[in-house]
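The values are calculated or read from the model by the stated rules, or taken from the named source; none is laboratory data. All of these numbers come straight from a predicted model, not from anything done at the bench. For neighbour counting, all protein chains shown are included, and Cβ atoms are generated from backbone atoms with ideal geometry for every residue, glycine included.
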Number of protein chains: 2
Amino acid sequence: MIPNPDFLVEPWRLRECTLNLDLLAQSESLFALSNGHIGWRGNLDEGEPHALPGSYLNGVHEVRPLPYAERGYGNPESSQTVINVTNGKLIRLLVDDEPLDLRYGTTVSHERTLDFRNGTLVREIHWVSPAGKAVKVRSTRLVSFTQRAVAAIGYEVEAVDQPVRVVIQSELIANEELPTQSDDPRSAAVLEHPMNAVLHASSDAKAVLVHRIEHSGLGVAAAMDHVVFGDDDLPFRTEVEPDLGRFSVGARLAPGKQLGFAKFVAYGWSSTRSVPALRDQVEAALAAAKVTGWEALQAEQREFLDAFWRDADVEVDGDAEIQQAVRFALFHVLQAGARGERRAIAAKGLTGPGYDGHAFWDTEMLVLPVLTYTYPESVAHALWWRHDTLSLAQDRAKQLGFEGAAFPWRTITGAECSGYWPAGTAAFHLNAAVAAAVTRYVSATGDEDFAATAGIELLVETARLWRSLGHHNSEGRFCIDGVTGPDEYSAIADNNVYTNLMAKRNLLAAYDYVHRFPDRARELGVGEEEAAAWHDAAKAVMVPYDDSLGVHPQSDGFTRHQEWDFARSKYPLLLHHPYFDIYRKQVVKQADLVLAIMQCPEEFTAEQKARDFDYYERITVRDSSLSACVQAVVAAEVGQLQLAHDYTAEAALMDIADLEHNTSDGVHIASLAGAWIALVFGFGGLRQDGGMLTFTPRLPPGLSRLRFTVRQRQSRLRVIVTPDTARYEVDGPDELTIVHHGHTVRLDTVQELAIPPAPRVRPSGQPPGRAPRRRDPSTEEDG
Amino acid sequence: MIPNPDFLVEPWRLRECTLNLDLLAQSESLFALSNGHIGWRGNLDEGEPHALPGSYLNGVHEVRPLPYAERGYGNPESSQTVINVTNGKLIRLLVDDEPLDLRYGTTVSHERTLDFRNGTLVREIHWVSPAGKAVKVRSTRLVSFTQRAVAAIGYEVEAVDQPVRVVIQSELIANEELPTQSDDPRSAAVLEHPMNAVLHASSDAKAVLVHRIEHSGLGVAAAMDHVVFGDDDLPFRTEVEPDLGRFSVGARLAPGKQLGFAKFVAYGWSSTRSVPALRDQVEAALAAAKVTGWEALQAEQREFLDAFWRDADVEVDGDAEIQQAVRFALFHVLQAGARGERRAIAAKGLTGPGYDGHAFWDTEMLVLPVLTYTYPESVAHALWWRHDTLSLAQDRAKQLGFEGAAFPWRTITGAECSGYWPAGTAAFHLNAAVAAAVTRYVSATGDEDFAATAGIELLVETARLWRSLGHHNSEGRFCIDGVTGPDEYSAIADNNVYTNLMAKRNLLAAYDYVHRFPDRARELGVGEEEAAAWHDAAKAVMVPYDDSLGVHPQSDGFTRHQEWDFARSKYPLLLHHPYFDIYRKQVVKQADLVLAIMQCPEEFTAEQKARDFDYYERITVRDSSLSACVQAVVAAEVGQLQLAHDYTAEAALMDIADLEHNTSDGVHIASLAGAWIALVFGFGGLRQDGGMLTFTPRLPPGLSRLRFTVRQRQSRLRVIVTPDTARYEVDGPDELTIVHHGHTVRLDTVQELAIPPAPRVRPSGQPPGRAPRRRDPSTEEDG
């Protein structure tokens, strides 16, 4: 990893010290602000130059038909695509006769800072126009965590060394022209002008636009209001058109003098509410924000984040890049989930249009665990969203011929949007990820209300799916055939170990819950025989094992397949080799069997873990951003601590270093969550099975100290790991009992426990050219 | 099977005695005429009513983009679709003031006869116009086997009981309006007006139209000329427009008097020749036909067919429907292949637009064997077509990452047109079908020139493909993983028995040929080591076997899969159940392991054949028209002769009885070929491995005699099977040695040999509701 020289390594901020127009797409994603409801990409205030303008509202989408070369029963007919809604962040500046545009004139200095504690994006410019007029501009942008519908910007321009006439135009723009996202004319066509204007109005410094989206029919309202700093009597003008709201204010500034204002923006959307109701909703939110005021809004934001960091912060001594990156990661994970409130947490959050704005299984698998231990309030919301989509998932299961619920591989509303079933519908394991997120959340928080309402229903309906998907073979083993596991370089295989073990957990959890909540079980129509059938199937689940190699095949027959010819590989493989060939050979895109080790550690002996990890390490190419963090966790568990450190860095720096070259489409929320997982599950060794937390902390050579907090019921468990000891401290009312390296410990006082030495293991190899970059420069092996 | 009351059962004709407008789509396909170069659907002369107007030229197609919901490397970007070219069969009739249109007036009688010996479609109408004017019309249509570019119609109208004024308009029409074929607007859009007019001209009674097809760029010329019967001086008029040529002649007919003419039509097309060259080509063909004359053209047709039937006829005593059907079948197979001349033989021949006019593997697997033994001249052409596409197949193999040639799953020009790779590209077995067709053709004909030119190259390039597709497992078995076998209700499986055994044959055949033609082998770059590697792989090929059940799984793991729930099945399954579920369970669309038994009989013991057949019979639903004939052959081999008879009837009556409800799109050429295969391979027991023909003749209870001819080198081997004996007679210069029920017999005289009694076997069951209709009414079991 070459550190990006444009971004400074600082513990609590991501700071860009010069503007690199070539990195604009990436920086727009990195500097995106969101509260889980509203998302604003880090576009420059003046709108241009841009790579991709982006303003998103969680759930706002357009519908587009899914084309097929050959039709097949059960293929979804349409997909959903996140759309760029009304842009409320635009503020243009005219300096004498020339617009501020960094492609022209001279940029003396330009700095942007994403502050993880203030929750703001601050920008400071010193610019000299082509005509020689110098101005300094400072803008501070936030998307409020405390007022869900509100975003705001403080904007100030100052004349530097000579008088300047300035005009500032603050805008709302709908249906912005977008660069083409795809070479398929069909997908672009439908999204070119997706919003139909239905209302526009203004009064004083306020403007409102309401639109309806062509095919999805959703109504979207956006409004803005302004408070000019200082001089209350400065004349301004507010104009509106169907797709434009514009507030203009101007002044002639003497050197050192400033003109500025606060801009408040509110958004609302609905599939059912009327246009007047939507308009009222956003104008009310706007009024509340204005009453709060710009300074207080920033203070609220800081207060919210101070509370978050108290519980969530991870301190990493010995690797400043990872220290910065894990905070950046937690900040973006929080932004994606904080105020989702019964909406999905998408793969890219609300930072870009990647993956069409869809949510996948990695939300439950990687993002929700982080939030469960750091900000569990958001997890209940995310799982209630799944519950809200249950009837769609039940319909889908029925369409496919199964019982229970089959959640979609990719979606915005809950309807399946995957148009390639071998890597979509066939990946039923996502249903077990939903179930695992339920039990983890309930175990960690003790939220029995959730358990007895949405929780049990999600478990029961997914258990029903598994029971109807699987069958018993002639030896009485419960087999699940023809499914696709997490590794997308294999598909449609029998008895994927990860899938089978997660299905087992799902079935047992449902069995457990129906006995804990018998009344609810009755309401859900679960009789004793049905529950017993889940239990029996779980206990009989098939787990293939290759005796001759002494490893688990990730699915039946996998280890008998031909080895991939890495010498002729071009990466990512999926863009250069046909799925036909990829699927039939031993090559792994992302942790699959290794993910099973992480998720179901009790199913493997220590020796099996070491052998399996070593076997799959040799053939895993990490063409998915979801892989490195999982490999980090299991590498740490089997004692390959240097490798774990390397993978932790890869997960943590995925976006800051743009390792997959697609941060432009939005940050990788699950990989960012993976940075936390790599540190806490990896070097902290955290696992939770049922009520009990277990830890096997152990640091790699490069780290001298790791401190993290795990929220558990009403308390915070602080853990401080050093090379030789781990210190556990409960902050809160609960009496916690944990397991430290196999020893059960009651935490009624602060406990400082010794860490046993790591086992000595031979480092595993990776496919040629696919080793992660070595983290410790002193042991650097490759250029 | 309920015999269709509209079609009379006659030995040498298919006669429809009343016009049933509801069956128009089917009858247009049944009555289609073709010579393998030109195809005319059996549309009524006057054009309307119609189900689907159709005039096709082998190879003439349009290109359309293939859409994908999610792109994948190696997916073909465009497909080819057969198009309806200029309609030259149209002849409209005005009776006084009213057009002859059978939807109006009174049809006193209407008869259409497809005559298998004359090679004509004769139509006789007695019609009374709404105004009460009666006419009789007789038309005789042919597509010439002897003049490839020519079709012709004799047309006569007669006044019946009162004077009538008639006008006959004979036309060429391009860009006819077609009924929508698909609910996908994309596929229709591009094909709506596919031909751009580039030239139109006329002189005397002749008109010519030349068009260029929008995207494929092919030039198509059509011309017509007319000779009026009797009265040479009758005035006529010829007009042309870009999309229309029209010849009009009229007369006032006294009762009993006639007006008629012969219409000659010629077609030509080219991707390279200029417009004047194309025009000259069709006008020359037209001139030649006119010189030949209408009567002589019919005589030539009869002569051609007399020769064909001498070699090809099959006599079936005891089942008049099958007798008629097998001749109908042979006639259509001949029509599809007779004058293809280095073009593909499509799944529907040139009888309809079904499957986009594509050719599939069943041409080599089922159609070419029939032609090899009845009309081998056409087989060399069909295989030269494959050879002509070799460079495309080599490119495809390279794109996929393999050596040699990968022929397309579906195509017109040789480029892959399959947009769903699990049931397209993954079905590599088609390459072995090409190789098997080569060796069968060479064995039967002794055509060493072909063997040393195209033959060896096709074998070498397919052998190279197999060698690079497979790999040796740790026990040294040669495995072919992740492919799709013939059964389209399974996909992407390891070690499909059919595929592996056919690959073995392919590898051994290539090994054999490179040693027979060492100079050619050197030219093709085959060294001894490469050939030895083929031989080794073939000898080591993996054939999975399920010891506990005592049957072959059709692919690894198949017999361990869950049984399909036939109680909840809706047929065809592919339209009512997702592929996901179909693929993972034990349900078979079409013979797969059973096809392996038919194609590679030496690889199975008699007991294995019986057990395997019984096992797969229980789970085969025959949602493919390719299945019944194969099941018939193997049923006969294992002694289930009644079942073989039932399946023979199903294959033979596929189109006449419209068993799959899609004869409207064209007849099923491979299933028709299957009728011959069921009789000759089934009840004749014909197999050919290398140079030697083997027979195990045995009739079912319902048949009293079967006579067929097998062409072998320069001779004809006549075989007459009765319940107790088989008589073999060589007609020609060759000394043949055959095997009859295990005994080698030299046929230097006529041999009449006893047939051993059939083994007694318990009849196999089929999935509920999927048993074939019982053939012998005396043992009828179901309603």
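Observations on the model:
- Count - residues of region B:195-228 that are more than 13 Å from B:Trp269 (Cβ to Cβ) and in contact (Cβ under 8 Å) with a residue 60 or more places away in the chain: 9
- Flag for B:Gln642 being away from chain A (no Cβ under 14 Å), closer than 30 Å to B:Pro757 by Cβ, surrounded by fewer than 20 Cβ atoms within 10 Å (Cβ to Cβ) and touching a helix residue (DSSP H, G or I) at 6+ places or on another chain (Cβ under 8 Å): yes
- Residue match in region B:547-554 (condition: assigned to a loop (DSSP other than H, G, I, E, B), away from chain A (no Cβ under 12 Å), surrounded by fewer than 17 Cβ atoms within 10 Å (Cβ to Cβ) and of a type in the set (A, V, I, L, M, F, W, C)): no
- Output for region B:272-291, where each listed residue is over 16 Å from B:Ala151 (Cα atoms) and of a type in the set (A, V, I, L, M): B:Val275, B:Ala277, B:Leu278
- Residue satisfying all of: in region A:423-433; more than 9 Å from every other protein chain (Cβ to nearest Cβ) and part of a helix (DSSP H, G or I); farthest from A:Asp481 (Cα to Cα) among these: A:Ala433
- For B:Ser627, the conditions (1) away from chain A (no Cβ under 12 Å); (2) free of Cβ contacts under 8 Å to residues at least 60 places away in the same chain; (3) of a type in the set (Gly, Ala, Ser); (4) surrounded by fewer than 22 Cβ atoms within 10 Å (Cβ to Cβ) all hold with the exception of (4).
Residues checked against (1) hydrophobic (A, V, I, L, M, F, W, C); (2) under 24 Å from the mean Cα position of the chain (by Cα); (3) not in a strand (DSSP E or B):
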residue: A:Val633; (1), (2), (3): yes, yes, yes
residue: A:His645; (1), (2), (3): no, yes, yes
residue: A:Glu650; (1), (2), (3): no, yes, yes
residue: A:Val719; (1), (2), (3): yes, no, no
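- Looking only at residues in region B:58-79 that are surrounded by fewer than 24 Cβ atoms within 10 Å (Cβ to Cβ) and touching a strand residue (DSSP E or B) at 6+ places or on another chain (Cβ under 6 Å), the one that is farthest from B:Phe264 (Cα to Cα) is B:Leu66.
- All positions within region A:368-422 that are part of a helix (DSSP H, G or I), crowded, with 21+ Cβ neighbours inside 10 Å and either within 14 Å of chain B (Cβ to nearest Cβ) or touching a strand residue (DSSP E or B) at 6+ places or on another chain (Cβ under 6 Å) (or both): A:Tyr373, A:Arg396, A:Ala397, A:Leu400, A:Trp421, A:Pro422
- Filtered residues of region B:568-588 (kept if of a type outside the set (S, T, N, Q), within 14 Å of chain A (Cβ to nearest Cβ) and within 15 Å of B:Pro768 (Cα to Cα)): B:Arg568, B:Lys570, B:Tyr571, B:Pro572, B:Leu573, B:Val587
- Residue in region A:589-609 that is nearest to the other protein chains (Cβ to nearest Cβ), counting only those that are aliphatic (A, V, I, L, M) and within 16 Å of A:Ala632 (Cα to Cα): A:Leu593
- Within region B:647-660, the set of residues being of a type outside the set (A, V, I, L, M) and buried (at least 24 other Cβ atoms within 10 Å of the Cβ) comprises B:Tyr647, B:Thr648, B:Glu650, B:Asp655.
- Checking each residue of region B:519-529 against the condition of being among the basic types (Lys, Arg), more than 15 Å from B:Ala405 (Cβ to Cβ) and within 14 Å of another protein chain (Cβ to nearest Cβ) gives no match.
- Residue that is under 22 Å from B:Lys348 (Cα atoms) and of a type in the set (Gly, Ala, Ser), where the choices are B:Ala610, B:Ala591, B:Ala635, B:Ala644: B:Ala591
- Members of region B:560-577 that are surrounded by 20 or more Cβ atoms within 10 Å (Cβ to Cβ), under 29 Å from B:Phe604 (Cα atoms) and not aromatic (Phe, Trp, Tyr): B:Arg560, B:His561
- Number of residues in region B:60-72 that are modelled with pLDDT under 95 and in contact with a helix residue (DSSP H, G or I) (Cβ under 9 Å, 6 or more places away or on another chain): the value is 5.
- Filtered by the rule that a residue be in a helix (DSSP H, G or I) and without any contact (Cβ under 8 Å) to a residue 24 or more places away in the chain, region B:572-588 gives B:Leu575, B:Phe580, B:Asp581.
- Here the condition is being polar (S, T, N, Q), modelled with pLDDT of 95 or more, buried (at least 16 other Cβ atoms within 10 Å of the Cβ) and in contact with a Leu (Cβ under 6 Å, 6 or more places away or on another chain); of B:Gln324, B:Gln281, B:Gln301, it holds for B:Gln301 alone.
- Qualifying residue in region A:426-435 (condition: farther than 21 Å from A:Gly39 by Cα, polar (S, T, N, Q) and touching a strand residue (DSSP E or B) at 6+ places or on another chain (Cβ under 8 Å)): no
- Annotation: of all residues in region A:196-219 being aliphatic (A, V, I, L, M) and within 13 Å of A:Pro242 (Cα to Cα), the one that is surrounded by the most Cβ atoms within 10 Å (Cβ to Cβ) is A:Leu209.
- Filtering A:Asp612, A:Asp565 for residues that are closer than 29 Å to A:Met692 by Cα and either at pLDDT 95 or above or away from chain B (no Cβ under 14 Å) (or both) leaves a single hit, A:Asp612.
- Residues in region B:434-481 that are within 13 Å of another protein chain (Cβ to nearest Cβ), more than 17 Å from B:Lys504 (Cα to Cα) and in contact with a Lys or Arg (Cβ under 9 Å, 6 or more places away or on another chain): 1 in all.
- Taking region B:86-100 as the range and being in a strand (DSSP E or B) and either surrounded by fewer than 18 Cβ atoms within 10 Å (Cβ to Cβ) or aliphatic (A, V, I, L, M) (or both) as the test, the residues that pass are B:Ile91, B:Leu93, B:Leu94, B:Val95, B:Glu98, B:Pro99.
- Members of region A:586-618 found to be of a type in the set (D, E, K, R) and either surrounded by fewer than 24 Cβ atoms within 10 Å (Cβ to Cβ) or over 26 Å from the mean Cα position of the chain (by Cα) (or both), listed by number: A:Lys589, A:Glu602, A:Glu603, A:Glu607, A:Lys609, A:Arg611, A:Asp612, A:Asp614, A:Arg618
- Within the option set A:Thr744, A:Thr749, being modelled with pLDDT under 95 and farther than 14 Å from A:Leu699 by Cα holds for one residue only, A:Thr749.
- Selection status of B:Ala491, in a helix (DSSP H, G or I) and either surrounded by 24 or more Cβ atoms within 10 Å (Cβ to Cβ) or of a type outside the set (Ser, Thr, Tyr) (or both): no
- Looking across region A:54-82 at every residue that is assigned to a loop (DSSP other than H, G, I, E, B) and away from chain B (no Cβ under 14 Å), the one that is farthest from A:Glu416 (Cα to Cα) is identified as A:Gly54.
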